[in-house]
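What follows is a single structure, written as structure tokens, with notes after it.
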Amino acid sequence: MTNPTSVTEITDFAETIAREAGELIVREREQNTLRTDYKAQTELVTHADVLADQLITDAIRKRFPGHRILSEETMPDLSQAEHLDTPLWIVDPIDGTVNYAYGHPQVGVSIAYAEMGRVQAGVVHAPFAGETFRGTRGDGATLNGKVIQHSGATELRQSLFATGFPYTKDNLEPLVKRLDAMIHQCRDLRRIGSAALDICWVACGRLDIYYENVSPWDFAAARLIALEAGATAGHFSDVPDGYPADLWGRDILISAPDIWQGARELLRSASGYA
Ligand code: 2AM
Ligand code: CA
Ligand code: CA
Ligand code: CA
């Protein structure tokens, strides 16, 4: 099936629904009616996460009834990404739920669109900051309509890096080892609390490096935005066969191009990878 809709139209559509979800998210918090719940021991979810997920996925289903959807709150089946026959939408309605629940501004709505396992369009909208990042494959990346570029960092020593830590605290040892190695070799660390915004901040030069283990909805849109801003994106371990690399969230590393290899070697060695 050929898709008559252009990738730019797809990106426009993604931006429209991300903004609508953003309005809902801001309204829910301003009305101070946030009900929070726990998915797991420390993983928060608010009713705004679920409402925003429904708003976005309903809009996608209505406009593109034949497409697949992977979304954190209502359709989190990761095997969706292995089916390459149908276009796939990857949605995180609120990236940074902990920030959201604590009244912090670093919250993003992330929507990506992929064909054959390759992300073609990505939008990350930060409603409290009034910032919208957009990327279309082959056509560059923008922040509020202005073209963005990575920082151009050339030295690990002078690099600002961001990472995150999982909700589950069972196996923190490798993360602490990586953090130890990075903090010794880089300028400083920022823990923003939203993977999508971390990556968009690498895209626009507010950060030099980002690495973490995350899920497809956390990074799919932002990774394309970073690539289109000239950053390098990949993994510091090997991607298994059968799962699209664009959507594989383990050991991802995104940075300004000149420091990517150095950061990769440091993270591999700190992780005990050969
Ligand atoms: P979420 O807010 O959509 O759940 C990076 O840390 C990402 O992983 C965040 O984008 C967040 O997505 C999720 N995450 C996982 N564990 C987290 C934690 N302990 N605190 C904050 N975010 C966490
Ligand atoms: Ca979550
Ligand atoms: Ca997320
Ligand atoms: Ca989320």
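The values are calculated or read from the model by the stated rules, or taken from the named source; none is laboratory data. Quick caveat: nothing in here was measured; it's all calculated off a predicted structure. Virtual Cβ from ideal backbone geometry, glycine too; neighbours counted across all protein chains shown.
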- [ ] Would you check which residues across region 186-206 are part of a helix (DSSP H, G or I), in contact with a Phe, Trp or Tyr (Cβ under 6 Å, 6 or more places away or on another chain) and among the hydrophobic types (A, V, I, L, M, F, W, C) and list them?
- [x] Ala195, Ile199, Cys200, Val202
Open item on the list: I'd like to check which strands (runs of 3 or more DSSP E) are fully inside region 207-274 and have at least 1 residues that are aliphatic (A, V, I, L, M) and farther than 30 Å from Ile69 by Cβ.
Closed with: 209-212
Task: Answer from Val26, Val50 - the residue that is part of a helix (DSSP H, G or I), more than 14 Å from ligand 4 (Cβ to nearest atom) and assigned by TED's automatic domain parsing to the domain that holds Gln106 - done: Val26
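Restricted to region 75-110, and to residues that are within 30 Å of Asp241 (Cβ to Cβ) and part of a loop (DSSP other than H, G, I, E, B), which residue is farthest from ligand 1 (Cβ to nearest atom)?
Filtering region 75-110 for residues that are within 30 Å of Asp241 (Cβ to Cβ) and part of a loop (DSSP other than H, G, I, E, B), the one farthest from ligand 1 (Cβ to nearest atom) comes out as Asp85.
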- [ ] Residues being in a loop (DSSP other than H, G, I, E, B) and surrounded by fewer than 22 Cβ atoms within 10 Å (Cβ to Cβ): count how many of those fall in region 53-72.
- [x] 4
- [ ] Return a yes/no flag: does region 33-45 have any residue that is farther than 19 Å from Ile111 by Cβ, without any contact (Cβ under 8 Å) to a residue 12 or more places away in the chain, of a type outside the set (Asp, Glu) and away from ligand 2 (no atom under 16 Å from the Cβ).
- [x] yes
TODO: Please state which one of Asp218, Asp238, Asp246 is surrounded by fewer than 22 Cβ atoms within 10 Å (Cβ to Cβ) and either within 16 Å of ligand 1 (Cβ to nearest atom) or acidic (Asp, Glu) (or both).
DONE: Asp238
- [ ] Consider only pairs whose beta carbons are under 8 Å apart and that are at least six residues apart or on different chains; among these, list those whose first residue lies in region 10-31 and is among the β-branched types (Val, Ile, Thr) and whose second residue is surrounded by 15 or more Cβ atoms within 10 Å (Cβ to Cβ) and assigned to a helix (DSSP H, G or I).
- [x] Ile17/Leu55; Ile17/Ile56; Ile17/Ala59; Ile17/Ile60; Ile25/Ala48; Ile25/Ala52; Ile25/Tyr100
Open item on the list: Cβ contacts < 6 Å: first residue outside any strand (DSSP E or B), restricted to region 134-146; second residue hydroxyl-bearing (Ser, Thr, Tyr), any location; separation 6+ or different chain. Result?
Closed with: Asn144/Thr132
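Residues checked against (1) of a type outside the set (A, V, I, L, M); (2) surrounded by fewer than 18 Cβ atoms within 10 Å (Cβ to Cβ); (3) out of contact with any helix residue (DSSP H, G or I) (no Cβ under 9 Å at 6 or more places or on another chain); (4) closer than 16 Å to His67 by Cα:
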| residue | (1), (2), (3), (4) |
| --- | --- |
| Gly103 | yes, yes, no, no |
| Val109 | no, no, no, no |
| Glu131 | yes, yes, no, no |
| Thr136 | yes, no, no, no |
| Ala141 | no, no, no, no |
| Gly145 | yes, yes, yes, no |
